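This report refers to the structure that appears directly beneath it.
The values are calculated or read from the model by the stated rules, or taken from the named source; none is laboratory data. Note that the structure is a prediction, hence the values are computed from the model and not measured. Here the Cβ is made from the backbone with ideal geometry for all residues, glycine too, and neighbour counts use every protein chain on show. Only protein heavy atoms, including side chains, enter the accessible area calculation; ligands, DNA and RNA are left aside. Shrake-Rupley method; radii C 1.70, N 1.55, O 1.52, S 1.80 Å.
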Amino acid sequence: MELVKKEHERLAKKIKAAQGIKNVQTTIDLLQSARDAIASDSSQTSITLAKLQNSVKSSFDSINDSLKDTHSSLNKYSKALDKLFKDRPLPSTEHDALASQEHLINRAIAMHLLREGQFSVAATFLSEMAEKKAMESQQQASTGASENAATLLDIDEVPSNEVRKQFATMYYILHEMKENNNLLPAIQWSRDNREALEARGSNLEFELCRLQFVWLFHGGPDRQGPIPTGRQEALEYARREFQSFLPRYLREVQQLIGAMAFCPNLQDSPYKAIFNNPSAWEDVAHSFTREFCSLLGLSADSPLYIAATAGAIALPTLLKLQTIMKAKRTEWTTENELPVEIPLPPSYLFHSIFVCPVSKEQTTDDNPPMMMPCGHVIAEESLKRLCKGSRFKCPYCPMESHPREARKVFL
């Protein structure tokens with residue numbers, strides 16, 4: 001991987017330093033200058049063209065040399081990629097569950113584009129989907145189909161106009177926050193949705209107001225450090241806005257106001273982490289995105305991005321498994337789970353998994369985990385085999401219990 005990184009950096013430097021575009025522009029300027037000269041005095045045409053010949057030839061030679069250098073770097077980069085990612089067949093798609101679920105794939109793509117703020121691309125994608133639906137509807141009508149295709153906004157895989165407007169609002173607020181250090185639109189949105197956020201136990205509104213206080217404390221738009229006017233504006237902001245937060249965030253508000261006394265030496269004060277947090281804006285932007293998507297009933301991260309990333313992580317293991325299965329002439333027999341463990345990052349583990357310590361099998365909805373009075377947990381089928389309808393001894397401690405005393409565990 002280091003070789004690929006080096007070749008990529010070298011290629012990027014070559015492209016940035018390449019003179020090809022400048023040489024092309026020089027050639028264009030020469031040709032336009034010659035055209036203007038001939039248009040103004042046609043009697044000098046032969047002389048102008050003769051002078052132009054050597055200049056254009058020299059310019060073309062420079063362009064070709066630049067292209068050769070760029071192509072050489074591209075070839076080295078391609079070879080490094082081929083060496084790292086060897087040409088191997090992908091896992092079989094014979095049992096691809098998504099092959100018959102095109103509408104789910106289309107919805108995932110459309111939602112991903114909207115989440116990324118690619119609204120024009122999303123609009124083009126949705127319009128092409130509508131055209132495809134219209135063609136299918138015409139084909140059904142020509143063959144005497146009884147049902148007509150749904151309109152664009154009734155198609156399950158197409159996000160509604162309201163969802164698109166919501167994401168446009170989200171990106172406007174994020175742009176103001178990241179580019180202009182303007183928290184006011186985000187604060188107003190959190191107040192408009194205060195009840196829903198409080199029902200979720202969210203503290204987004206206070207996080208935004210606290211960062212606004214810190215921003216004003218450091219001078220606001222001037223950003224010249226904690227100047228007296230900035231401190232005064234922060235104090236006035238606290239008196240005006242923090243009153244409603246006192247019942248729930250009294251300690252945090254006291255810390256913010258108490259930091260005023262340490263202003264001359266804030267760097268060595270107990271409040272350093274609050275007033276000198278380099279990731280504060282990024283953290284609050286992430287919190288805002290998460291809460292905004294949650295109120296829409298969506299996850300903070302794009303499911304398509306998560307699925308693609310998890311698949312890229314799992315692909316090498318599955319390729320190796322396919323090679324072993326082919327050598328041993330075995331088949332993939334598991335229906336609802338992977339035949340091998342795929343190590344994913346903790347942030348990608350969305351569902352808790354329990355493996356019965358007795359049967360060594362993963363629990364399912366039909367075979368849920370059951371906790372006995374002693375606190376030990378086993379699968380329901382293992383429990384039935386052990387008890388046989390009467391009292392039984394726990395396989396991990398001396399305590400006895402009856403099967404009706406066991407409780408289903410929800411993970």
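What angle do you read, to the nearest 10 degrees and between 0 and 90, between the alpha-carbon axis of helix 20-40 and the longest principal axis of the chain? The helix 20-40 is inclined about 40 degrees to the chain. If R0 is taken as 35 Å, the Cβ-Cβ distance between residue 180 and residue 250 corresponds to a FRET efficiency of 0.65.
For the chain, the fraction of 1.4 Å probe accessible surface lying on carbon and sulfur atoms is 53 percent.
Taking label points 7 Å from Cα along the Cα-to-Cβ direction, residue 199 and residue 161 give a separation of 2.6 nm. Only Lys, Arg, Asp and Glu carry charge here, each on its Cβ (+1 for the first two, -1 for the last two); on that basis segment 193-277 has a dipole of about 120 debye about its Cα centre.
For the pair residue 384 and residue 137, label points projected 7 Å from Cα toward Cβ lie 5.0 nm apart. Within the straight-line cut-off of under 25 Å between alpha carbons, the lysines reachable from residue 272 are 178, sequence neighbours fewer than 8 places apart in one chain being disregarded. The calculated FRET efficiency for residue 128 paired with residue 404, based on their beta-carbon distance and R0 = 51 Å, is about 0.30. Model label sites at residue 267 and residue 295, defined 7 Å from Cα along the beta-carbon direction, differ in position by 4.0 nm. Our summary gives segment 355-408 a relative contact order of 33 percent, counting only alpha carbon pairs under 8 angstrom and 6 or more residues apart. For the chain, set up a Gaussian network in which alpha carbons nearer than 10 Å are linked by springs, and say which option among 84, 211, 295 fluctuates the most. Its mean-square fluctuation being the largest, the pick is 84. Based on C-alpha pairs under 8 angstrom that are at least 6 apart in sequence, the chain has a relative contact order of 9 percent. Considering only 163, 3, 275, the residue lying farthest towards the positive end of the dipole of the chain is 3, judged by Cα position with unit charges set on Cβ. Around the Cα centre of the chain, unit charges on the Cβ atoms of Lys, Arg, Asp and Glu (plus for the first two, minus for the last two) sum to a dipole of about 1380 debye.
Computed 3J(HN,Hα) for segment 112-123, one whole-Hz value per residue from the Karplus formula 6.51 cos²θ - 1.76 cosθ + 1.60 where θ = phi - 60°, is 5, 5, 5, 4, 7, x, 8, 5, 5, 5, 4, 5, glycine and proline marked x. Could you tell me whether segment 1-86 comes out rounded, prolate or oblate from its Cα gyration tensor? Rule is a ≥ b ≥ c as square roots of the eigenvalues, rounded for a/c under 1.5, then prolate if a/b exceeds b/c, otherwise oblate. Cα axes put segment 1-86 in the prolate bin.
Remark: relative contact order (segment 162-296) = 25 percent; criterion is Cα-Cα distance under 8 angstrom and separation of 6 or more residues. For the chain, set up a Gaussian network in which alpha carbons nearer than 10 Å are linked by springs, and say which option among 175, 376, 103 fluctuates the most. Among 175, 376, 103, the largest mean-square fluctuation in the Gaussian network model of the chain belongs to 376. Here segment 355-408 is treated as a sphere whose radius is the Kirkwood value from Cα pairs; by Stokes-Einstein at 37 °C and 0.692 mPa s it diffuses with a coefficient of 302 µm²/s.
Working note: Karplus 6.51/-1.76/1.60 with θ = phi - 60° gives segment 368-375 the couplings x, x, 10, 9, 8, x, 6, x Hz, where Gly and Pro are set to x. What's the FRET efficiency of residue 391 with residue 330 using the Cβ-Cβ distance as r and R₀ = 41 Å, to the nearest 0.05? The calculated FRET efficiency here is 0.45. The computed Cα extents along the principal axes in Å for the structure shown corresponds, within (i) 65, 53, 43; (ii) 115, 75, 56; (iii) 68, 48, 36, to (ii).
The length gained by stretching the chain between residue 312 and residue 341 to full extension, at 0.36 nm per residue less their Cα-Cα distance, is 9.0 nm.
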